[in-house]
1. Give the residue that is nearest to residue 30 (Cα to Cα), with candidates limited to residues of the range 98-120 that are assigned to a helix (DSSP H, G or I) and touching a residue at least 60 places away in the same chain (Cβ under 8 Å).
2. State which residue is nearest to the chain's Cα centre (by Cα) when the search covers only the range 121-147 and only residues that are closer than 23 Å to residue 52 by Cβ, free of Cβ contacts under 8 Å to residues at least 24 places away in the same chain and in a helix (DSSP H, G or I).
3. Does residue 40 satisfy the criteria of being farther than 18 Å from residue 3 by Cα and in contact with a helix residue (DSSP H, G or I) (Cβ under 7 Å, 6 or more places away or on another chain)?
4. Look at residue 28 and say whether it is surrounded by fewer than 16 Cβ atoms within 10 Å (Cβ to Cβ) and modelled with pLDDT under 95.
5. Just wondering, is there one or more residues in the range 7-27 that are among the β-branched types (Val, Ile, Thr) and either farther than 30 Å from residue 131 by Cα or in contact with a His (Cβ under 7 Å, 6 or more places away or on another chain) (or both)?
6. Take the residues in the range 95-118 that are under 16 Å from residue 4 (Cα atoms) and not charged (D, E, K, R); name whichever of them is surrounded by the fewest Cβ atoms within 10 Å (Cβ to Cβ).
7. Residue 131 versus (1) closer than 19 Å to residue 9 by Cβ; (2) charged (D, E, K, R); (3) surrounded by fewer than 14 Cβ atoms within 10 Å (Cβ to Cβ): which is the lone unmet condition?
Amino acid sequence: MRVAIASDHAAIEMKAALADMMREAGHDVVDLGPADSSSVDYPLYGYKLAEAVASGAAERGVALCGSGIGISIAVNRNPDCRSALVSEPLSAELARSHNNANIIAMGARLIGIEQAKACLNAFLTTDFLGDRHQRRVDQLSNPPAQENAR
């Protein structure tokens with residue numbers, strides 16, 4: 001699988017560890033930066049990641065910053081992206097199976113690298129269930145009129 005990864009300066013070490021893990025598992029990793037721990041603006045990296053996934057240049061994405069919150073907000077500005085902020089593997093699994101999340105977001109200051117690896121493994125190995133969940137996923141990018149809400 002081709003996976004894009006991006007972070008800010010606070011998550012540079014986690015980004016390197018997760019990129020190595022994915023390469024060892026046989027994935028093609030597209031590192032969108034940054035290259036070092038110099039201070040950067042997380043929205044710019046979130047937008048780069050969102051574009052890579054939305055355009056099809058990558059099948060899935062990994063968004064990292066200090067909390068995971070800011071970069072996930074930036075990614076979710078793109079209507080073709082469904083970024084889920086997770087801190088444990090069950091949330092990563094449910095984000096894929098129920099919400100068809102195509103990007104996982106994590107906070108390097110909130111979870112350790114081993115927990116992040118467990119979340120990423122769940123995210124990469126879980127399939128979307130489709131069926132009743134597809135209707136709901138479709139509504140994430142195309143909200144229905146309120147009178148049609150169930």
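1. Among those that are assigned to a helix (DSSP H, G or I) and touching a residue at least 60 places away in the same chain (Cβ under 8 Å), it is 120.
2. It comes out as 125.
3. When the stated conditions are applied, residue 40 passes them.
4. No; evaluated as a whole, the condition is false for this residue.
5. Yes, some residue in the range 7-27 is among the β-branched types (Val, Ile, Thr) and either farther than 30 Å from residue 131 by Cα or in contact with a His (Cβ under 7 Å, 6 or more places away or on another chain) (or both).
6. Here is the first cut: in the range 95-118, the residues under 16 Å from residue 4 (Cα atoms) are 101-106, 116-117.
Remaining after also requiring not charged (D, E, K, R): 101-106, 116.
Working: 101: 25, 102: 22, 103: 31, 104: 30, 105: 29, 106: 29, 116: 27.
Out of the qualifying residues, it is 102.
7. So residue 131 meets the others, but not (1).
Conditions (1) buried (at least 17 other Cβ atoms within 10 Å of the Cβ); (2) not in a helix (DSSP H, G or I), marked per residue:
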{"position": "61", "(1), (2)": "yes, yes"}
{"position": "71", "(1), (2)": "yes, no"}
{"position": "81", "(1), (2)": "yes, yes"}
{"position": "84", "(1), (2)": "yes, yes"}
{"position": "90", "(1), (2)": "no, no"}
{"position": "93", "(1), (2)": "yes, no"}
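The values are calculated or read from the model by the stated rules, or taken from the named source; none is laboratory data. All of these numbers come straight from a predicted model, not from anything done at the bench. With ideal geometry, Cβ positions are generated from the backbone for all residues, glycine too; neighbour counts draw on all protein chains shown.
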